[in-house]
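Beneath this line is the structure, given in structure tokens, with notes to follow.
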Amino acid sequence: MVKENLAQVRENIRKACERAGRPPKEVTLISVSKTKPVPMLEEAYAAGSRDFGENKVQEIMDKYPQLPGDIRWHMIGHLQRNKVKYIVDKVSLIHSVDSLRLAQEISSQAGKKQVDVDILLEVNIAGEESKFGIAREDAIRLVQEAAALPHIHVKGLMTIAPFVSDPEDNRQYFRQIRELSVDIEQKNIDNVNMSVLSMGMTGDYMVAIEEGATMVRVGTGIFGERNYG
Ligand SMILES: *Cc1c(COP(=O)(O)O)cnc(C)c1O
């Protein structure tokens, strides 16, 4: 089932790119495997998936040694500062940086492990109270402050759009994130590029791609519904 779902999602990505006049290779599909058992990740791996997204530090630590070393792990969930040290040398991109203190901790732990870490800043674009992420107005300042830290590189922005039944309702937010990233790019801040826009999930990734997403995070559409026990 995972294999067929992946094929379907990839086909949808291709079509969305076509509609937007974008080359499909601009869009990275992240298979969001949180709560799913290792055999399902192995199925996705066998079907060609190399980018996996997880939202819990413990789950990355459990799965990391059980799966092939060429997987790129994406930390997409809220990250507590005291847990940064466990994953800083295991993940290829941290999507969920939403404070200077967190960026400082990532920088410091990366220095200790002698690695460089790519990060995205999470923006709460719709201003939802239930969501993590910085306000749009604070993004530029945090980019500037994070860019000055050693061992981390700001690569772009991430957002979790509101939960909606019609994905068209989120188009405005995806467009706003893209505009924000263009604004930041134009400031030509050292050690910052805005090449990554991580936005779009199972319900709305096609709209996100039409609005410029370069990474989409798809869980349910690949692995099926999650059961939280
Ligand atoms: C769970 C999760 C996803 C995937 O959600 P689906 O709707 O299952 O595709 C994407 N991004 C983040 C940050 C998540 O926590």
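The values are calculated or read from the model by the stated rules, or taken from the named source; none is laboratory data. Given the structure is predicted, the values throughout are model-derived calculations rather than measurements. Don't worry about glycine lacking a Cβ; one is built from the backbone with ideal geometry, like all the others, and counts go over all protein chains shown. The accessibility values were calculated without ligands, DNA or RNA, using every heavy atom of the protein model including side chains. Shrake-Rupley method; radii C 1.70, N 1.55, O 1.52, S 1.80 Å.
Overview of results
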{"read-out": "Which numbered condition ASP98 misses (of (1) acidic (Asp, Glu); (2) modelled with pLDDT of 95 or more; (3) away from the ligand (no atom under 16 Å from the Cβ))", "value": "(3)"}
{"read-out": "So ALA213, is it in a loop (DSSP other than H, G, I, E, B) and within 16 Å of the ligand (Cβ to nearest atom)", "value": "yes"}
{"read-out": "Residue identified as in contact with a strand residue (DSSP E or B) (Cβ under 6 Å, 6 or more places away or on another chain), among the charged types (D, E, K, R) and either more than 27 Å from MET40 (Cβ to Cβ) or not in a strand (DSSP E or B) (or both) among LYS131, LYS155", "value": "LYS155"}
{"read-out": "All positions within segment 153-193 that are farther than 18 Å from ALA126 by Cβ, under 15 Å from the mean Cα position of the chain (by Cα) and β-branched (Val, Ile, Thr)", "value": "VAL154"}
{"read-out": "Those strands (runs of 3 or more DSSP E) lying entirely in segment 24-83 with at least 3 residues among the aliphatic types (A, V, I, L, M)", "value": "28-32"}
{"read-out": "Restricting segment 12-41 to residues that are of a type in the set (A, V, I, L, M), surrounded by 14 or more Cβ atoms within 10 Å (Cβ to Cβ) and closer than 19 Å to MET61 by Cβ, the residue that is farthest from the chain's Cα centre (by Cα)", "value": "MET40"}
{"read-out": "Candidate set from segment 1-11 (those that are part of a helix (DSSP H, G or I) and open to solvent by 30 Å² or more (accessible area, probe 1.4 Å)); member that is farthest from GLU225 (Cα to Cα)", "value": "GLU11"}
{"read-out": "Filtered residues of segment 135-161 (kept if under 13 Å from LEU180 (Cα atoms) and open to solvent by 20 Å² or more (accessible area, probe 1.4 Å))", "value": "ALA135, ARG136, GLU137, ASP138, ILE140, ARG141"}
{"read-out": "Scan of segment 1-33 for residues that are within 16 Å of the ligand (Cβ to nearest atom) and more than 22 Å from SER195 (Cβ to Cβ), ordered by number", "value": "MET1, VAL2, ASN5, LEU6, GLN8, VAL9, ASN12, SER33"}
{"read-out": "Positions within segment 110-125 being under 30 Å from ARG175 (Cβ atoms) and polar (S, T, N, Q), in sequence order", "value": "ASN124"}
{"read-out": "Any hit, segment 88-111, residues being open to solvent by less than 10 Å² (accessible area, probe 1.4 Å), under 22 Å from MET199 (Cβ atoms) and free of Cβ contacts under 8 Å to residues at least 40 places away in the same chain", "value": "yes"}
{"read-out": "Selection count where residues are within 16 Å of the ligand (Cβ to nearest atom), of a type in the set (S, T, N, Q) and either farther than 22 Å from ILE94 by Cβ or assigned to a loop (DSSP other than H, G, I, E, B) (or both), scope segment 174-206", "value": "1"}
{"read-out": "Filter result for LEU67 (open to solvent by less than 20 Å² (accessible area, probe 1.4 Å) and within 16 Å of the ligand (Cβ to nearest atom))", "value": "no"}
